[in-house]
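A short worksheet on the structure shown next.
The values are calculated or read from the model by the stated rules, or taken from the named source; none is laboratory data. A quick note: this is a predicted structure, and the numbers were derived from the prediction, not measured. Methodologically, a virtual Cβ is constructed for each residue, glycine included, from the backbone with ideal geometry; neighbour enumeration extends over all protein chains shown.
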Amino acid sequence: MDDRYVILVGRWVVLTLGVFWSAFPIFMVVSSSFKTHLDIFAVPPKFIFQPTFDNYVLLFREWPQFLDGLVNSMIITVGATVLTAITSLLAGYAYSRFHSRLLTLSAFFMILVRMLPPIVVTIPLFPAVNAMGLSDTHAILILLYAAFFVSLATWILKTFIDQIPRELEEAAEVEGSSVWQRLVRVVLPLSVHGMVAACVFVVVFAWNEYVFALIFTSNEAKTAPLILAEISGAIEGVQWGILFAAASVQLLPILAFVLLVQKFIVTGITAGAVKG
Amino acid sequence: MMFEDRKWLPIILISPVNALLALLIALPSVYIIWLSLNQSTFGSETTFVGLANYAQIFSDPIFWRSTINTFIVVNVVVYTELALALPLALALNTDFVGKGLVFSILIAPYAVTEVSAVVMWRYLFETDIGMFNMLLQSFAGFQLNWVRNPAHGLTLISILSIWIHLPFTLIILYSAISTVPVDMKNAARVEGATEWQVFRTVTMRFIMPAVLVALMFRYIFATRLFAEAWLLTEGGPARLTEVLGIYLYRAAFRYHDFGAAAATGLAMQMLSLLVASFYLYQLYKRMQADG
């Protein structure tokens, strides 16, 4: 047996197991959301069955707040993404085009801060957020989600802006445009890919986040993962179908998004890991 | 005018990002030190108590149990991920039909919220009816009794955690492996090296920095473990599957003992910074050199 044969078989085995490991739990929950409660725990498991939408109908009838949760998640995700994109573009531009001791220090500060565990900041923030009337608002989650992703986003954007030739900006400068005009007219259009790479992570995080939402929302601003956890906690016996329907509704849009932008995720994680 | 522009402009540009970081992360993280020396409810009306909070948590067996649980789960999770991601990354390092699809499926768990991941794995391991528990029962004669048995609970928490975070490790290793020069591997082959020798002497040496960075990031992120464990067992039974994140959350938001929570938080911070210190030091030196 030569090496090439062993490698070929090994590769096939490893990838098959990997695909099964990653896909099976997702597949089971999404497919079971279309099963009747009798089929959900059928032994042996049913892979071919008559699909039903009953679980989805029941979900929105019994848990109308899940829809509110989805709307809140949408608002917060868009808000956190826009805030991250704008602030990181400005900072990424500064770190790319200017150099000084102060900038180096603040770049290091950005990376250092990223190492701190998020749950710890909830302790001092909790009373402060209450005092400012920000508890249970979209705003506090938008601010927090952006805060935890601006350093990665800034770093990714800096690497992209580094590749935009300064000559393009200098030409605009000669024509008498201000730095803000150059940012909007020259840098922004050329760093669209960088913006996507910088923002995918905050999109996924904001849509899926649980801990901050648990601590800082109680009613009005509850996000979809939080309602999902409530449905999960309230499940009695035969209600698994509703839970699966809710999990599928929450998952499918973000899964589609992740698969669509997977190239940017690879670029971003690599850039972020190498440079911080 | 131009000079003023050059001087103040970068500071104006970086200030929104730095304000977010300072107000929401850095200042609260430092303020924890003060809070940990005080007794307070909901973090206000503080009374200075010196090191009493530390004495309290260090003499609490549940704190140590949480620390040990965190230590075990983090190490199991981080090294299992590495052991799974490395062969996958190697297997992906070639062109074949359907590679894009395979890669998409492998990173799909990255899109899943911890809440749904708990739902998925509970479904598979539900006592007496979950598919994987039924398979375990018929092939090994036992079930993963994660509700009642703390060791089984921690096992399922680890499995969940590995499942969610494997894509991150895989992506870092895959990127690193794809940058190993084919020339170097071929040169080794020409000199008669077996594939195993090529892997050990060329590939492994080349990707070692990436492996270390992946390990460090995963150590730091894994130490934050909260949602998976909280949603699966809430630290039960009898607080035996608690991890540091849960210990902190309970102290702060269930018992309203913000001093003890802050002391725990500071311990978690120190742990993360300790793991990151070597990386941060290297990075600082390089940034100084770059100017």
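Here is a list: B:GLU228, B:GLU234, B:GLU242. Which entry is more than 9 Å from chain A (Cβ to nearest Cβ), closer than 19 Å to B:VAL147 by Cα and surrounded by fewer than 23 Cβ atoms within 10 Å (Cβ to Cβ)?
B:GLU234
Only one of these conditions is not met by A:LEU214: (1) facing chain B (nearest Cβ under 10 Å); (2) under 27 Å from A:ALA23 (Cβ atoms). Which number is it?
Only one criterion in (1) facing chain B (nearest Cβ under 10 Å); (2) under 27 Å from A:ALA23 (Cβ atoms) is unmet by A:LEU214, namely (2).
One line per residue, one yes/no per condition, for (1) small (Gly, Ala, Ser); (2) under 16 Å from the mean Cα position of the chain (by Cα); (3) under 27 Å from A:LEU105 (Cβ atoms):
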position: A:TYR145; (1), (2), (3): no, yes, yes
position: A:PHE148; (1), (2), (3): no, yes, yes
position: A:LEU152; (1), (2), (3): no, yes, yes
position: A:LEU157; (1), (2), (3): no, no, yes
position: A:PRO165; (1), (2), (3): no, no, no
position: A:GLU169; (1), (2), (3): no, no, yes
position: A:GLU175; (1), (2), (3): no, no, no
position: A:ARG182; (1), (2), (3): no, no, yes
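Is there a residue being among the aliphatic types (A, V, I, L, M), under 25 Å from B:PHE132 (Cβ atoms) and more than 9 Å from chain B (Cβ to nearest Cβ) anywhere in region A:26-33?
Among the residues of region A:26-33, at least one is among the aliphatic types (A, V, I, L, M), under 25 Å from B:PHE132 (Cβ atoms) and more than 9 Å from chain B (Cβ to nearest Cβ), which makes the answer yes.
Take the residues in region A:101-120 that are over 20 Å from the mean Cα position of the chain (by Cα) and either modelled with pLDDT of 95 or more or over 24 Å from A:GLY194 (Cα atoms) (or both); name whichever of them is nearest to the other protein chains (Cβ to nearest Cβ).
That would be A:VAL120.
Can you name the residue in region B:239-250 that is aliphatic (A, V, I, L, M) and in contact (Cβ under 8 Å) with a residue 40 or more places away in the chain and, of all such residues, is nearest to B:SER36 (Cα to Cα)?
Across region B:239-250, the extreme among qualifying residues is B:LEU244.
In region B:99-131, which residue that is facing another protein chain (nearest Cβ under 7 Å) and of a type in the set (S, T, N, Q) is nearest to A:ALA247 (Cα to Cα)?
Looking at residues that are facing another protein chain (nearest Cβ under 7 Å) and of a type in the set (S, T, N, Q), I get B:SER116.
Restricting to region A:126-151, count the residues that are facing chain B (nearest Cβ under 8 Å), of a type outside the set (Val, Ile, Thr) and either more than 30 Å from B:SER40 (Cα to Cα) or touching a residue at least 24 places away in the same chain (Cβ under 8 Å) (or both).
Number of matching residues: 6.
Which residue pairs have Cβ atoms under 9 Å apart, sit 6 or more places apart or on different chains, and have a first residue in region A:174-202 that is surrounded by fewer than 19 Cβ atoms within 10 Å (Cβ to Cβ) and a second that is among the β-branched types (Val, Ile, Thr) and in a helix (DSSP H, G or I)?
As it stands, the answer is A:SER177/A:VAL186; A:LEU190/A:ILE161; A:HIS193/A:THR267, since those pairs meet every condition given.
Residues of region A:149-178 being over 16 Å from A:HIS193 (Cα atoms) and in contact with a helix residue (DSSP H, G or I) (Cβ under 6 Å, 6 or more places away or on another chain), which ones?
Across region A:149-178, the qualifying residues are A:PHE149, A:VAL150, A:SER151, A:LEU168, A:GLU169, A:ALA172.
Select from region B:31-75 the residues that are among the polar types (S, T, N, Q), farther than 20 Å from A:ILE215 by Cβ and within 24 Å of the chain's Cα centre (by Cα) and list them in ascending order.
B:THR67, B:ASN69, B:ASN75 - these are the residues of region B:31-75 that are among the polar types (S, T, N, Q), farther than 20 Å from A:ILE215 by Cβ and within 24 Å of the chain's Cα centre (by Cα).
Kindly indicate which of A:ALA246, A:ALA221 is buried (at least 20 other Cβ atoms within 10 Å of the Cβ), more than 16 Å from the chain's Cα centre (by Cα), away from chain B (no Cβ under 13 Å) and among the aliphatic types (A, V, I, L, M).
None of the others qualify; the one that does is A:ALA221.
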